[in-house]
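Structure first, commentary second.
The values are calculated or read from the model by the stated rules, or taken from the named source; none is laboratory data. None of these values were measured; they are calculated from a predicted model. Neighbour counts are summed over all protein chains in view; Cβ atoms, including those assigned to glycine, are modelled from backbone coordinates with ideal geometry.
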Amino acid sequence: MQPQVNEDVGTGGSDQEPLRLDAEGHPVFAEWDESDPSHGEMAVPDGVQAEWVDGTLQVPQNEDRISREIAELDKASDSNLMAMAGIEPIVSTTEAAEYFDRTSQWMYWGLKPDPETGEHVFVWPDGTPIVPERIGDPATGRRRFTMPILRAILQASYRRGNIEAGELQTVIRRIRYTELGVEWRDREGWKYVDLGRNRHRWVRPENAYYDRRAKVWKLKKDAKLDEGVPVTDKAVVVNTEVVDAEIIDVEEVPLEGPDQ
């Protein structure tokens, strides 16, 4: 005989049909995994990091999560914010060459057909030339390179033997960093310098020195950019971390700085 159901037990006045009856004939309205320490008592929102403390699931309050997110946004670089917005990274010809530790002339050489044979160096696997987009005029506008285009150029160069296996690993790591919103040059110790007239540029650490009195990074007088133009000593940078570069003050006294 089916035991009588006491509808006043555990229903809370709900019209919901019970899932089953327990051994004593009481209705069961929810199930959970007995191996789960929470027993279904607390749902943790997606993206929230909760932890167990003394047998209790601790979930950060909304105010704490918002404060941490604001702090992360305050520290986010332009690359981080672009990645958060889902905007595809785009770099210039000079910046594209830096991924490969080459010059802009190397990029031009690979993009243009050979004057004698008409053969292109940077090609897709089917032999079609790799053609990056241009800004403005489709024939003379400035080229802009996306990460898929850089990856295709990397593959083409590797197939031709123009890039070694070790170089391939370095370049693909840099490309992936960019896709994740990480500035790879900062990770490799490059310095972001101000070239004057509201122009800025990342340079290798060997081309920079630290002015202790001004507390800024500057370019060495004999440093040259990719274009081969000498750089004025008036350039100043904002980054004040002292890493892997010559450090001098106005009296030419070396200064030891913190590790990055």
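For region 217-234, taking the residues that are in a strand (DSSP E or B) and at pLDDT 75 or above, the one that is surrounded by the fewest Cβ atoms within 10 Å (Cβ to Cβ) is identified as Lys224. Restricting region 171-192 to residues that are hydroxyl-bearing (Ser, Thr, Tyr) and in contact (Cβ under 8 Å) with a residue 12 or more places away in the chain, the residue that is surrounded by the fewest Cβ atoms within 10 Å (Cβ to Cβ) is Tyr192. For the residues Ala96, Ala76, Ala139, Ala83, the requirement of being of a type in the set (A, V, I, L, M) and more than 27 Å from Val203 (Cβ to Cβ) singles out Ala139. Of the strands (runs of 3 or more DSSP E) that lie entirely inside region 116-200, not one contains 1 or more residues that are touching a Cys at 6+ places or on another chain (Cβ under 7 Å), under 17 Å from Thr94 (Cβ atoms) and in the same structural domain as Leu219 (by TED's automatic domain parsing). Looking only at region 153-161, decide whether some residue is at pLDDT 95 or above and in contact with a strand residue (DSSP E or B) (Cβ under 6 Å, 6 or more places away or on another chain). Among the residues of region 153-161, at least one is at pLDDT 95 or above and in contact with a strand residue (DSSP E or B) (Cβ under 6 Å, 6 or more places away or on another chain), which makes the answer yes.
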